[in-house]
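Values in this text are rule-based calculations from the coordinates and carry no lab data. Being a predicted model, the structure only gives us computed values, none of them experimental. A quick note on method: Cβ atoms are made from the backbone with ideal geometry, for glycine too, and the neighbour counts reach across all protein chains shown.
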Amino acid sequence: MTDKNKEAEWFWLCSAPGLYEKDRKRLLREFETPWEIHRLAAAGTEISSVKGKKREQLLRWAQEPAEENYHKCLEGGINFISCQHADYPEQLLQISDPPSGLFFRGTLPRKGERCVAVIGARMCTYNGRNNAADLAAALAQNGVAVVSGMAYGIDARAQEACIEAGGRSFGVLGCGADVCYPKENRTLYEQLIQNGGVLSEYEPGALPLAAHFPQRNRIISGLSETVVVVEAKKKSGTLITADLALEQGRDVYAFPGRAQDVLSSGCNRLIQQGAGIITDLDEFLELIGCRAQQTRKEKNYHMGLASSENLLYSCLDSELKSLQSLANETKLPVKELIRMLTDLQIRGLAAEIGKNYYVRTR
Amino acid sequence: MRLFRTVFSAAVFGVESKMVCVEADVGAGLPSFSMVGYLSAQVKEAQERVRTALKNAGFRMEPKRVTVNLSPADLKKSGTGFDLPIAIAIAAAYGAIPQERLDGILIAGELSLNGEVQAIPGILPIVAGAAQNGCKICMVPKANEQEGAVLEGIRVIGTENLKEAIDYLQGNREIAPACAQTDPPAPLFAAEDFADISGQEAAKRALEVAVCGFHNLLMTGPPGAGKSMLAKRIPGILPPMTIEEAMEVSRIYSVSGLLREKQPLLCSRPFRSPHHTATAKAMAGGGMVPKPGEVSLAHNGVLFLDELPEFSRDALEILRQPMEDGEVFLSRAGVTYRFPADFMLVAAMNPCPCGYYPDLSRCTCTPPMVRRYLQKISSPLLERIDITVEVEAVRYPALEKTEGAERSARIRERVLRCRAIQQERYQNTPYRFNSNLDRAGLETYCALERQEKEYMGLAFEKLGLSARTYYRILKVARTIADMDGGGRIRTPHLQEALCYRSIHKKYWQNRQENAR
C-alpha cells in the first residue's frame, strides 16, 4: 500500500460522519490501521468498539468511494494530513490525544517553527486588545507564529496584528476548515490562508457545534510551546485551554489585571496557580528566548497640553469613562470638555470605545 | 310643483376640505327617497337618520319623490358630517326655507334620531375651507363651535338640534355666533422643565444643539438613565408655535378627532411617543379613509421613539420619506391624501440588549447578540440622524442637588436666537434649518477655511469617518457656530460636532475594528 493510499484511508477514517476522536482511538486500538477498519466495515463484520447509530453510519460510510472523496477534497483546496505523515506537527504528537488527522487550508507549522498561542476573551477591553496586538506583533517580528482560535476579541486581534507585522499565524477551528466561523472574521480567515493556515480535526463542512470547542482547544495549546492568556473570566473557554496546556506540559503566561476586573479574574487565578506573569513585554520575549524589541522611549505625551487639557488627560484612564463622568470629575464646562476630548482623540491620546465612552491610549 | 334647494357642506380629505353641494329635489311621483353622488356607506346611512330626525324635529315629510345629490359627483364622500346639510336641504326643498337664506352658509354636522346635532371630526379644515370659498356663516355642531371659532373672518354658529337650525334659517330665531375663548397660550411645559434634571449636562447640551438646528437625535444609554425624561422636555425648549403652525397642528388633531372642546387651538408643540409595538400604518397614517398617523400628529413637534430597535422594521422604514419631505402621501382609490409630517425625530435605545455595554463587567451580551440587536435599525434611518449622544445613568449624589440646573425658558431664549440667525440666513432659499442643508447648501453655508479643512482631514483619518458622516458633521458644526453667534465654522465647533457624530454601522457591527 502506497503512502498516498494510506493517507486516503486515514482520510476515510477522519472524515467519517458522527465519529469523534475517542471513537477513532478505540477503533484504532482494536484494529490498528484505518485500512483494516475500512475493510472490515465494508464487509459488514462485527465491530465492537463503536455501537448503535455510529456503527451503522460507519458501515454506510465504508460503502462510499473513499479514494475519490479524498481527491475531491484535495482538489477543493482542503489539505489533509494524518498523524502518521512525516509533516504532521511534531509538537502536536507530544500530547496525550493528538488528532488522528488534520484538515487544513494554507499551511501547517513547519518543522521546527516556533509557535505561541495567544488567547483570550471574546468580549474584551480596549487594553486587552492592545496587549494582544503588541505581543503578537513582537512575536511576529521574532519569527514566532501565533496560534489562536480566530474568535472575536483577543484571538482575532492577536492574529490580525501578527499578520500585519508580517508574521505567520494559525487558526484552529471548531468547525470544518472550509467553514469560516465566526463569519464576520472572513477577512482574517482569508489572510490566515495566505499567511499561515486554518486547521481543524473536523471533516470539511462540519458545523461549529458547541461541543467541538473544548476539543479544539487542546490543539491550540498542543501546537504551541507557550500559551499566553491575555484576558479571561474565571469560567471561560480560555481557561479550559490554559488547563489543557498545563496538562500537556506547556508554559502558561498571563497578563495580570486589577483584583476587581472581571475580565482579568481568570488571568489572576492562573497567576495565583503558578502561571508566568507578563508585566513587561521585553522581559517575556527574553524569557522565551526571543530578542527584545528596541526599548520604546516612554515619552511625556502630556507635554504641550494646556492645563485644562492636562487635567482631562489625567482623569482619563485605561478604564472606560463616560462623557458625563468625565464632566463630573473635571468640573469643566461640557462644551469645553467635548471639544478637548475630540482633540485628544485626534492627537491619538484618547479613544472613543462605546458611544461617548473614552479611554486613555498612552 | 317642483322644488329644488342647494346647501353647502364640505368633505374632509386629509387635512384639507373640499366644498360639496348638497342638492335636494322634491317632486311629484311615487314616494321615495334616494341619494346619489358617489357616497360611502356612512353617508348612505344618513338617509335613515335624516328621515327620522326630521320627523322628530316636528317636520312632516309629505309623501313625495325626494332626490338628494351630493356634487361634485366624482368625489368619494365619507363621514357623518353630511346628515345636517342633507336634512336642511330636504326641509328647504319642501319649501320650509327659501334659497336665499341658504346662500353663503356652510353646514356640517351629524344627526341623531331625535334631531340632536352631534360633534364631528375635522371642523377646523371645514371652516377654513368655507372661509376660503367665500362663505360668511358656518353652521356646526354646538360641541365643535369653539374649534371653528378659532378662525377669523367667518361667523361660526353652533347648533344643538335640527329644529333650532331650521328655525334659525327660517329667520325665526337668532343664534349668537361663537367667539373663540382664546385664553393666552398657557405655558404648558411649565410642568416639565429641564431644571428638574440635575446633571446630564452633556446630554442636555447635545439636545440643545439638536433643537437649535432641528437635527434628529439619538440617545443611547442604559435603562433608567433618563432618556425619556430628557426627550419629554424638548417641546419646552422649542420656539413657541406661530399662529400658522398652531393652526396646522390643530387641523391635524381636528381631523383625528383629538381636539378637546375646552382647548380648540393647540398652543404647545406636540410630543408623540408611540409604543414600540406601533405598526407602519399607525406611524404613517392609514385606514380606508386615511387618518393621520403618529408622524403627522407629531407635526411641528417631537416624535419620540423609545427603544428604537424594538420597533418593527416596517414601522421604521416608513419614517424615511416623511423625514425627507416633511409630509406623508397616502394613496387610496382615486385620491391621494396629503398629511403634513415635519417633525423632529428623537430616538432612544440601549447600546446592547442588556443595556450595559461598554461596561464589560456588567454587560452579559455576546457580540452576535449585540449585532443582531443593532441590525434592526437600518442604516438609511441612521443616516438621517445627525446627533447621537450617550446618556449615562445618574448616580445618587447627582440626583441630590437640584439647584443650579438651567430652566427651560433660558435654554429656549438661546434656541430662539439661534433660530433667528438661521431664518435670516436662509431667506429666499429652500432651506429652513441647518439640518435641511443638502450638498449644494453645505458648500455655500458651511465652507471651511484652510486651517479647519486640515483639521477635518486629520479627523477623517484618525477617527475613520465616512463621507456621509463628514457632511453630517458639517451641518452640526454649522449649528454650533450659529449658537456662538453665527460666524464662520471654526475648529472648536468642528470638535464638538465630531463628538456628536452618529455611530455608523461598522462601528457597531464589528467592535474590534473600532477599538484599534
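Assorted remarks:
- Three-way shape label, region A:12-71, alpha-carbon gyration tensor, a/c 1.5: rounded
- Projected onto its three principal axes, the C-alpha set of region A:115-287 covers 42, 33, 30 Å, listed from the longest axis down.
- For the pair B:Phe329 and B:Ser40, label points projected 7 Å from Cα toward Cβ lie 2.1 nm apart.
- For region A:115-287, a crude dipole built from +1 on the beta carbon of Lys and Arg and -1 on the beta carbon of Asp and Glu, taken about the Cα centre, is about 580 debye to the nearest 20.
- Over chain A, the reciprocal of the mean inverse Cα-Cα separation, the Kirkwood hydrodynamic radius, stands at 22.4 Å.
- Taking other C-beta atoms within 10 Å as the exposure proxy, A:Ser322, A:Ser96, B:Ser228 rank A:Ser96, B:Ser228, A:Ser322 from fewest upward.
- In a simple Cβ point-charge model (Lys, Arg +1; Asp, Glu -1; nothing else charged), the protein assembly as shown has a dipole of about 680 debye relative to its Cα centre.
- Inter-probe distance in nm under a simple model that places probes 7 Å from Cα toward Cβ, at B:Arg450 and B:Glu100: 8.3
- Where only alpha carbons of region A:85-146 are counted, the Rg and the Dmax (Å): 14.5, 42
- Computed over the protein assembly as shown, the per-residue total of -39500 (n - 2.57) for DSSP H runs of n ≥ 4 gives a 222 nm mean residue ellipticity of -12000 deg cm²/dmol, rounded to 500.
- Three principal axis extents describe the C-alpha atoms of chain B; from largest down they are 93, 48, 44 Å.
- Placing unit charges on each Cβ (+1 for Lys and Arg, -1 for Asp and Glu) gives chain A a dipole about its Cα centre, and among A:Ala259, A:Tyr181, A:Ala132 the Cα reaching farthest toward its positive end belongs to A:Ala259.
- Dipole magnitude of chain A, debye to nearest 20 (Cβ charges: Lys/Arg +1, Asp/Glu -1, about Cα centre): 840
- Contact order normalised by residue count of chain A, Cα under 8 Å, 6+ apart, percent: 12
- Cα centroid separation, region B:365-392 to region B:405-430 (Å): 30
- Taking the empirical scaling 2.2 N^0.38 Å for compact globular proteins as reference, region B:3-170 has a Cα radius of gyration ratio of 0.93.
- Residue of A:Leu311, A:Leu244, A:Leu108 that the Gaussian network model of chain A assigns the largest fluctuation, springs spanning Cα pairs under 10 Å: A:Leu311
- Against chain B, whose longest principal axis is taken from its Cα atoms, helix B:83-93 shows a tilt of about 30°.
- Each residue, B:Arg488 and B:Arg410, gets one label point 7 Å from its Cα in the Cβ direction; the gap between the two is 3.3 nm.
- When both bridge partners sit in chain A, DSSP labels roughly 40% of those beta bridges antiparallel.
- Percent of Cα-Cα distances greater than 16 Å, calculated over region A:195-273: 54
- Region A:307-360 has equivalent-ellipsoid semi-axes of 14, 12, 10 Å, by the square roots of 5 times the alpha carbon gyration tensor eigenvalues, sorted largest first.
- Pairwise centroid distance, computed over Cα atoms, of region B:219-238 with region B:117-144, Å: 39
- Relative contact order of region B:188-509, taken over Cα pairs closer than 8 Å and 6 or more residues apart, is 24 percent.
- Compared with the direct C-alpha span, the chain from B:Asp196 to B:Arg439 gains 83.5 nm at full extension, assuming 0.36 nm per residue.
- Antiparallel %, DSSP beta bridges [both residues in chain B], to 5: 50
- Per-selection Kirkwood Rh - region B:245-305 (Cα, Å, 1 d.p.): 11.9
- Listed residue (B:Ala210, B:Leu305, B:Pro274) projecting farthest to the positive dipole end of region B:187-330, Cβ model: B:Pro274
- Burial ordering of B:Arg417, A:Arg122, A:Arg347, fewest other beta-carbon atoms within 10 Å first: B:Arg417, A:Arg347, A:Arg122
- Over 36 Å [Cα-Cα, the protein assembly as shown], rounded percent: 62
- Taking the DSSP beta bridges with both ends in region B:3-170, the antiparallel portion is around 60 percent.
- Principal axis dimensions, region B:36-125 - Cα atoms, whole angstrom, descending: 32, 25, 24
- Helix B:467-483 vs. chain B, principal-axis angle (Cα, 0 to 90°, nearest 10): 80
- Separation of region B:52-79 and region A:90-109, taken as the distance between their Cα centroids, equals 93 angstrom.
- Taking amide H atoms as placed 1.01 Å from N in the peptide plane, the amide H of B:Gly79 lies under 5 Å from those of B:Gln42, B:Val43, each 5 or more residues away in sequence or on another chain.
- Counted over region B:286-444 with a bin width of 10 Å, the fraction of Cα pairs per bin, in whole percents, is 8, 25, 30, 25, 10, 1, 0.
- Across region A:3-76, Cα pairs under 8 Å and at least six residues apart give a relative contact order of 40 percent.
- Built amide H within the under 5 Å cut-off of A:Gly205, gap 5+: A:Gly176, A:Ala177, A:Asp178, A:Val179
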